[in-house]
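Notes to accompany the following structure.
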Amino acid sequence: MLLKGIGFTLTLFIFTIVTSIPLGLGLTFLANSRIKPISWLTRAYVLIMRGTPLMLQLFFFYFGLPFLPYVGKYLVMDRFPAACLTFSLNYAAYFCEIFRGGLLSVDRGQYEAARVLGLTGVQTTFRIVLPQMVKVVLPSVANEAITLVKDTALASAIGISDLMHYTRSLVNSRSDVTPFFFAAVFYFLFTLALTRLFTRLEEKFKF
Amino acid sequence: MDMLKLTDITKSFGENKVLRGVSLSVRRGEIVAVIGPSGSGKSTMLRTCVGLERVSGGTIELGGRALVRDGVYVRDREAREICSRTGMVFQHFNLFPHMTVLDNLCLAPVLRGILDKKSAAERAAELLEKVGLSDKADAMPSSLSGGQKQRVAIARALMLSPDIMLFDEPTSALDPELTGEVLTVMRGLAADNMTMVIVTHEIAFARDIADRVLFMDNGVIALSGTPDEILVNPPSERLRTFLRTFNHSAQPA
């Protein structure tokens, strides 16, 4: 049973990481857009997603959306897709802020050198700017990823059968607290593995 | 033919007029040194020639093609193409820190489809030898000294076989004992008849290498002439004052 819960927890984690990082990067470019309304909207989005509790957002996306007038009936989602969507949108906002800082850290001279060498904007972004940005943002991204491991436990609040959910029901039905211990060990080892992974990545991006 | 021709270019940052009508033509093979106090507009003038700063008015032609005519710029794609025949060397080198020296050299010509990987690597090897850094091809920029970085930056600009090289204070960020190696490389370019515009504070070097020296002051070319005319017998009090403060700082008493 716990293994099944771990499956949901891992899936939610992987889905969120894989979607929210590119989404956050996209938001970063929108936030830096020269078209002011786009930049404002993006920043407002980030402000709202970071300024309200993730659990509240979960309730909103799962229970709240269907009650919206007119469009509500098209927004009915199963628990798990609702959780995936919420986590992804929420973490994208955090990643957006992290990447925005990283982007600011890339020296103006890098853009100028790329320009006089005749690189296009896209080439400059992917070959010059992003690799340097990655180096700067890696520690913060690692931090977010670790937070996410533990945030996945919030999904049990809308009844998703993740590790936390099974742990609690086992503890209740058997009047035995050892499942808490197993869950703690799992979260801890997962976090440890991530820490290791990111330390290696940081080694790679030392230049 | 003029490799570079500026006609009455002007540039303002808000109220501040940085360039107030600068005209200049540089012939093929000519070496022009630009001196002047900081804030006189010499770097800005150089940067406008490669589109890093936009002028408010005037005409800039590179190799006979207008980048901007009477303050109106050509389209961005065309601008990049016109500027692509011009090499630029920055005060702070601006090497790409996440790439080896070899990749710094090969990136632009390969990405732009000018050279394939193999011929780019061959050309890079030649140029690294020319700047005396054959053994540094696989080094990361962070492991190089300032002088070495600047020599790599020069080699990187040469990879695109530019018609003209612009130097924006190439030795100003270097420790005094490292300027020599960079100036030597530039002398080598001069010997190859490279057309060059050099913004510099190295007065002795300018006297030595330049065909023509410009003294910029307050957004205009105040004086222009041979090194002897400008530097040996300075014709204006303002220039004399500038050169004097210079000698004081350059030569410890």
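Would you mind getting the Kirkwood hydrodynamic radius of the stretch B:134-225 from its Cα pairs, rounded to one decimal in Å?
Numbers: mean 1/r = 0.0694 Å⁻¹.
Taking every pair of different Cα atoms in the stretch B:134-225, averaging 1/r and inverting gives 14.4 Å.
Any chance you could tell me what percent of the C-alpha pair distances in chain B go past 27 Å? Show your work: numbers first, answer last.
On the way: 11888 of 31878 pairs.
Summing the P(r) of chain B above 27 Å gives 37 percent of all pairs.
Which entries in the list B:Lys5/B:Lys42; B:Lys5/B:Lys149; A:Lys4/A:Lys73; A:Lys4/A:Lys150 go over 20 Å, if you measure between the two C-alpha atoms of each?
Numbers: B:Lys5/B:Lys42 15 Å; B:Lys5/B:Lys149 30 Å; A:Lys4/A:Lys73 31 Å; A:Lys4/A:Lys150 17 Å.
In this structure, B:Lys5/B:Lys149; A:Lys4/A:Lys73 exceed 20 Å between Cα atoms.
If you take every residue apart from B:Ala120 with its C-beta less than 12 Å away from the C-beta of B:Ala120, what net charge results, scoring Lys and Arg +1 and Asp and Glu -1? Numbers along the way, then the final one.
On the way: positive: B:Arg112, B:Lys117, B:Lys118, B:Arg123, B:Arg156; negative: B:Asp103, B:Asp116, B:Glu122, B:Glu126.
Here the charged neighbours net out to +1.
Let me know the Rg and Dmax you get for the protein assembly as shown when you use only its Cα atoms, in Å.
Just the Cα atoms of the protein assembly as shown yield Rg and Dmax of 29.5, 100 Å.
With all pairs of different alpha carbon atoms counted, what Kirkwood hydrodynamic radius in Å does the stretch B:1-95 show? The partial results should precede the final answer.
Details: mean 1/r = 0.0729 Å⁻¹.
After inverting the mean inverse Cα-Cα distance, the result is 13.7 Å.
For chain A, what relative contact order do you get, as a whole percent, if you take Cα pairs closer than 8 Å and at least 6 residues apart?
28
Under a Cβ-Cβ cut-off of 14 Å, what is the net charge of the residues other than B:Val55 that fall near it, where Lys and Arg count +1 and Asp and Glu count -1?
Details: positive: B:Lys5, B:Lys11, B:Lys17, B:Arg20, B:Arg47, B:Arg54, B:Arg69; negative: B:Asp8, B:Glu53, B:Glu61, B:Asp70.
So the surrounding residues net to +3.
Provide the buried accessible surface between chains B and A in square angstrom, both chains summed, 1.4 Å probe, rounded to the nearest 100.
The buried area between B and A, both sides summed, comes to about 2000 Å².
Using label points projected 7 Å from each Cα along Cα→Cβ, tell me how many nm separate B:Arg69 and A:Arg174, to one decimal.
Taking the two extended label points, one gets 8.4 nm.
Taking the Cβ of A:Gln123 as the center, what net charge do the other residues with Cβ under 13 Å away carry, scoring Lys and Arg +1 and Asp and Glu -1? Please list the in-between numbers first.
Numbers: positive: A:Arg115, A:Arg127, B:Arg80, B:Arg112; negative: none.
Within the 13 Å Cβ shell, the charges total +4.
Suppose only helical runs count, i.e. DSSP H with n ≥ 4. What mean residue ellipticity at 222 nm does that imply for chain B under -39500 (n - 2.57) per run, divided by all residues and rounded to the nearest 500 deg cm²/dmol?
Numbers: 8 runs with 90 residues, N = 253.
Result for chain B, helices only: -11000 deg cm²/dmol.
Work out the FRET efficiency for A:Ser39 and B:Asp138 from their Cβ-Cβ distance, taking R0 = 60 Å, and round it to the nearest 0.05.
Working: r = 42 Å, r/R0 = 0.69.
Given R0 = 60 Å and the Cβ-Cβ separation, E is 0.90.
Going by Cα centres, the stretch A:163-180 and the stretch B:190-238 are how many Å apart?
Centre-to-centre distance over Cα atoms comes out at 83 Å.
For the protein assembly as shown, what proportion of DSSP beta bridges, expressed in % and rounded to the nearest 5, is antiparallel? Mind showing how you got there, number by number?
Values: 24 of 41 bridges.
Given both bridge residues lie in the protein assembly as shown, the antiparallel proportion sits at roughly 60 percent.
Stretched out fully, how many nm does the piece from B:Thr184 to B:Ser161 gain, at 0.36 nm a residue minus the Cα gap? Spell out each step's value before the answer.
Details: separation 23, 0.36 × 23 = 8.28 nm, distance 1.94 nm.
Gain on stretching B:Thr184 to B:Ser161: 6.3 nm.
Within the accessible area of the stretch B:66-216, what % is carbon and sulfur when the probe is 1.4 Å and the other protein chains stay in place?
On the way: 2870 of 6230 Å².
Ligands and nucleic acids excluded, carbon and sulfur reach 46 percent.
Can you give the translational diffusion coefficient of the stretch A:109-207 in µm²/s, computed by Stokes-Einstein from the Kirkwood radius over Cα pairs at 4 °C and 1.567 mPa s? Numbers along the way, then the final one.
On the way: Rh = 16.8 Å.
It comes out at roughly 77 µm²/s.
Report the percentage of all Cα-Cα pairs in the stretch B:180-247 whose separation exceeds 15 Å, rounded to a whole percent. Please list the in-between numbers first.
On the way: 1213 of 2278 pairs.
When every Cα pair of the stretch B:180-247 is considered, 53 percent fall beyond 15 Å.
Hey, what angle do you get for helix A:130-151 against the long axis of chain A, alpha-carbon based, 0 to 90 degrees rounded to 10?
Approximately 10 degrees, to the nearest ten.
Compute the whole-percent fraction of alpha carbon pairs in the stretch A:2-204 spaced more than 21 Å apart.
Numbers: 12456 of 20503 pairs.
In whole percent, the share of Cα-Cα pairs in the stretch A:2-204 beyond 21 Å is 61.
Residues of the stretch A:71-115 with accessible area at least 50 Å² lower in the all-protein-chain context than alone (1.4 Å probe)?
Checking the loss per residue gives A:Gln110, A:Glu112, A:Arg115.
The values are calculated or read from the model by the stated rules, or taken from the named source; none is laboratory data. Predicted model only: the values in this text are computed from it and were never measured. We place every Cβ from the backbone using ideal geometry, glycine too, and count neighbours over all the protein chains shown. To get the accessible areas, we keep the full protein, side chains included, count just its heavy atoms, and leave off ligands, DNA and RNA. Shrake-Rupley method; radii C 1.70, N 1.55, O 1.52, S 1.80 Å.
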